[in-house]
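The values are calculated or read from the model by the stated rules, or taken from the named source; none is laboratory data. All values reported here derive from a predicted model rather than from experimental measurement. Methodologically, a virtual Cβ is constructed for each residue, glycine included, from the backbone with ideal geometry; neighbour enumeration extends over all protein chains shown.
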């Protein structure tokens, strides 16, 4: 995780402030931006937003949610920022929390297959449904359910035990 230099943090505080969950200009800026106007952003592939600020003549990019965290708490995050509801558009401070990389990966909406019932699969030979959860480098599974929903419910109980508040 890249920690920011103090001069960058000072430049952010000088240029931007938080208005609810929206980063706004703290002063007039180039391009006709006025104090109080929302800061423009670009959206990355998976919906997360980037904002840019010219610091010492160099255009510098920042992750929107990290700046919201910084402006809300006054401390630049040393860990990853996790969106509790898995919605990268919801950058309200109440929806953000610090997380390790592993904790952040626990809190994802879909598994690799992008099925509605994450962590479940059907055995082609027996037709039974299985579930699995990965935690701390190990795969934990339960097997032999009649329906996918049964397997998913057991998977969610297992995820809650292994992942705690980051279970999804």
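The figures follow:
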{"read-out": "From the options 11, 99, 15, residue that is surrounded by 12 or more Cβ atoms within 10 Å (Cβ to Cβ), in contact with a strand residue (DSSP E or B) (Cβ under 8 Å, 6 or more places away or on another chain) and within 24 Å of residue 162 (Cβ to Cβ)", "value": "99"}
{"read-out": "Boolean, residue 120 is modelled with pLDDT of 85 or more and either exposed (fewer than 13 other Cβ atoms within 10 Å of the Cβ) or over 20 Å from the mean Cα position of the chain (by Cα) (or both)", "value": "no"}
{"read-out": "Tally, over segment 123-160, of residues that are at pLDDT below 75, closer than 24 Å to residue 85 by Cα and surrounded by fewer than 14 Cβ atoms within 10 Å (Cβ to Cβ)", "value": "1"}
